[in-house]
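Okay, structure first, notes after.
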Amino acid sequence: MNPFASDTIRPVRFTDDRLWLLDQRRLPDEETFLPLDDAPAVAEAIRAMVVRGAPAIGITAAFGVVLACRQALEAGDWRERVAADIATLRASRPTAVNLFWALDRMQARVDAAADAHAALETTRDAARAMLEADIAGNRDLGAHGAALIEPGRAVLTHCNTGSLATGGYGTALGVIRAAWDRGRITGVYADETRPWLQGSRLTAWELVHDGIPVTLLCEGAAARLLQSGAVSWVVVGADRIAANGDTANKIGTYGLALMARAHGVRFMVAAPVATIDFATPAGDAIPIEERDAAEVLTLGGQAVAAAGAGAYNPAFDVTPAGLIDAIVTERGVVENPDTERLAAWRPEGGTNTGTAGIRAGS
Ligand code: MRU
């Protein structure tokens, strides 16, 4: 058996000092890779959702720093130029802590470099290592999460947390891939995930691509599905997990957690340890991105609302830790998460993120 048979998609590629992003705005109709050569273009690609998903955003930003170093190679003020590009990358999206986690690591590499050439070499090595480590970590995370799922029923997921949202393999979708490859689930239900349709455009594309049966539903159908008994676990990803386990993830996740608890369905959050923000004690301090009303009022460029209506469009919500049965990372499982239990994953003497500036742009 190939334990990774259902893992073939890689959305972020770096060759010849050029970054290529699978343009997720065009999926599932077109599989187009967009070439990027400088950090401001990378920041704009993150803001515009060419690439999205917390780990993929972090990895992409790391390669953005490599491009910044390359662009500044011959400049006398190369450190200032790279610092300005890192500030631009930091301001691209506010909620996914992986962005800041990755940029802090890249900034430390730049700070330690003797000159611009050394900075280019060391950031390139670090970004490539970050990409590879993310994929390897997701495979470990997937195995830990799959082991929690009793065979025989389906799972429900939300948004896209797969290869497209990470370096590869996925977090929640990594758990689902691993559970499928080990015969532990009968199939996958996926919320379509308005307004960006990450579920129907991306998760369905990814699962069909890799041969895992997927059934889509409107978010409004989730309560009926959970009431039916067809699903044993809701499995979701995270954009930022506070130190106490409160979890920011795609808008609609909190509602799913409430519904799951009401129907005795278990609720799993799958994310790398890098998604835990130990400097943020609880979910109420997590910055939540508000996006353009046009994303709700239109679909594929077509108006879907009465002209003159407004729209409420938070991109994320926060699920209280008390509604989460398990947080799964590459390092294992914490059941019934709280500050004390999650502290086991706190980095030695640190907070996981240098949070200075995280909220500044939000
Ligand atoms: O707005 P998006 O598409 O970037 O939101 C993505 C999510 O909410 C994902 O669930 C989260 O980033 C985890 S991805 C492994």
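If the condition is being in a loop (DSSP other than H, G, I, E, B) and open to solvent by 60 Å² or more (accessible area, probe 1.4 Å), then segment 313-342 contributes ARG331, ASN336. Taken together, the criteria place ALA190 among residues that are buried (at least 24 other Cβ atoms within 10 Å of the Cβ) and of a type in the set (Gly, Ala, Ser). Assuming HIS209 fulfils every condition listed in (1) modelled with pLDDT of 95 or more; (2) surrounded by fewer than 18 Cβ atoms within 10 Å (Cβ to Cβ) apart from one, which condition is it? Going through (1) modelled with pLDDT of 95 or more; (2) surrounded by fewer than 18 Cβ atoms within 10 Å (Cβ to Cβ) one by one, HIS209 breaks only (1).
Listed conditions (1) under 24 Å from GLU44 (Cα atoms); (2) open to solvent by 60 Å² or more (accessible area, probe 1.4 Å); (3) within 16 Å of the ligand (Cβ to nearest atom) are all met by ALA96, apart from (2). A single entry from ALA262, ALA242 fulfils the requirement of being away from the ligand (no atom under 13 Å from the Cβ), open to solvent by 10 Å² or more (accessible area, probe 1.4 Å) and modelled with pLDDT of 95 or more: ALA262.
Scanning segment 135-165 for residues that are open to solvent by 10 Å² or more (accessible area, probe 1.4 Å), away from the ligand (no atom under 16 Å from the Cβ) and over 24 Å from ALA248 (Cβ atoms) yields a count of 6. The condition (being surrounded by fewer than 22 Cβ atoms within 10 Å (Cβ to Cβ) and not assigned by TED's automatic domain parsing to the domain that holds GLY332) is satisfied by just one residue among ALA119, ALA127, ALA113: ALA113. Being within 16 Å of the ligand (Cβ to nearest atom) and either open to solvent by 10 Å² or more (accessible area, probe 1.4 Å) or of a type outside the set (Gly, Ala, Ser) (or both) is a condition met by no residue of segment 65-88.
Hey, among THR186, THR122, THR161, which residue is touching a residue at least 40 places away in the same chain (Cβ under 8 Å) and among the polar types (S, T, N, Q)?
One residue alone meets the criteria, THR161.
All of GLY310, GLY255, GLY283 fail the test of being out of contact with any helix residue (DSSP H, G or I) (no Cβ under 6 Å at 6 or more places or on another chain) and open to solvent by 40 Å² or more (accessible area, probe 1.4 Å), apart from GLY310.
Across segment 166-185, the qualifying residues are those that are in a loop (DSSP other than H, G, I, E, B) and touching a helix residue (DSSP H, G or I) at 6+ places or on another chain (Cβ under 9 Å), and the one among them that is most open to solvent (accessible area, probe 1.4 Å) is ARG182. In segment 12-57, the qualifying residues are those that are under 21 Å from ASN160 (Cα atoms) and among the polar types (S, T, N, Q), and the one that is nearest to the ligand (Cβ to nearest atom) is GLN24.
The values are calculated or read from the model by the stated rules, or taken from the named source; none is laboratory data. Owing to the predicted nature of the structure, the values given are computational and were not obtained by experimental measurement. FYI the Cβ positions are ideal-geometry reconstructions off the backbone, even for glycines, and counts take in every protein chain you see. What goes into the accessible areas is simple: the full protein's heavy atoms, side chains included, and nothing from ligands, DNA or RNA. Shrake-Rupley method; radii C 1.70, N 1.55, O 1.52, S 1.80 Å.
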